[in-house]
Amino acid sequence: MMRFLLLFSRQGKPRLQKWFTPITDQEKKKVLRDIMMIVLSRPPRSCNFFQWRDLKIVYKRYASLYLCTGLEDQDNELLSLEVLHRYVELLDKYFGNVCELDIIFNFEKAYYILDEFLMGGEVLETSKTAVGVSMEDADIIQETVEEYMSKPAY
């Protein structure tokens, strides 16, 4: 099971973080700082996973963003690389060639896509089409609510 999923920039700015196990805010900051320092200091051609404390850390760089996840010992590293890649594919499908600015200005959509894809650290939906349909439905509901709220109440 995934313990957390982090998305951060090459400059060390956290852009998205999802924690699947309850830990304190102080511990979250420490984990985030430690993982970012280790990942950002690794050479470009090094292995995409390493052991840290009692977790296996798996990361992948896409353009200027790093996706990183913490796994338990019995989890498969290659499968988690595929999960990270599928999440990027889902973001690409929704945003059209996703970039860091898409995540910054539409973070609620990025979290929604993640919640449709993963639940409790496990893959919930593998179909890109099903997640896309869910996102379209959510967008239609949001537009309807915004349209309703913009009308004057007489």
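Things worth noting here:
Yes/no matrix, rows are residues, columns are (1) open to solvent by 20 Å² or more (accessible area, probe 1.4 Å); (2) part of a strand (DSSP E or B); (3) under 17 Å from Ser9 (Cα atoms); (4) modelled with pLDDT under 95:
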position: Pro43; (1), (2), (3), (4): yes, no, yes, yes
position: Ser46; (1), (2), (3), (4): yes, no, no, yes
position: Phe50; (1), (2), (3), (4): yes, yes, no, yes
position: Arg61; (1), (2), (3), (4): yes, yes, yes, yes
position: Gln74; (1), (2), (3), (4): yes, no, no, yes
position: Leu78; (1), (2), (3), (4): yes, no, no, yes
position: Val83; (1), (2), (3), (4): no, no, no, yes
position: Tyr87; (1), (2), (3), (4): no, no, yes, yes
position: Leu91; (1), (2), (3), (4): no, no, yes, yes
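Results for (1) assigned to a loop (DSSP other than H, G, I, E, B); (2) open to solvent by 70 Å² or more (accessible area, probe 1.4 Å); (3) not β-branched (Val, Ile, Thr), shown as yes or no for each residue.
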residue	(1), (2), (3)
Leu114	no, no, yes
Thr126	yes, yes, no
Gly132	no, no, yes
Asp137	no, yes, yes
Ile140	no, yes, no
Glu143	no, yes, yes
Tyr148	no, yes, yes
Pro152	yes, yes, yes
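- Filter result for Asp139 (acidic (Asp, Glu) and modelled with pLDDT of 90 or more): no
- Scanning the stretch 96-111 for residues that are part of a helix (DSSP H, G or I) and either open to solvent by less than 40 Å² (accessible area, probe 1.4 Å) or touching a strand residue (DSSP E or B) at 6+ places or on another chain (Cβ under 6 Å) (or both) yields a count of 5.
- Residue count for the stretch 37-86 satisfying the condition of being hydroxyl-bearing (Ser, Thr, Tyr) and free of Cβ contacts under 8 Å to residues at least 12 places away in the same chain: 2.
- Output for the stretch 13-31, where each listed residue is within 22 Å of Val88 (Cα to Cα), open to solvent by 20 Å² or more (accessible area, probe 1.4 Å) and not charged (D, E, K, R): Pro14, Gln17, Trp19, Phe20
The values are calculated or read from the model by the stated rules, or taken from the named source; none is laboratory data. Here the structure is a predicted model, which is why all the values come from computation and not from measurement. Every residue, glycine as well, gets a Cβ built from its backbone with ideal geometry; the counts of neighbours run over all protein chains shown. Note: accessible area is taken over every heavy atom of the protein model, side chains too, but ligands, DNA and RNA are not part of it. Shrake-Rupley method; radii C 1.70, N 1.55, O 1.52, S 1.80 Å.
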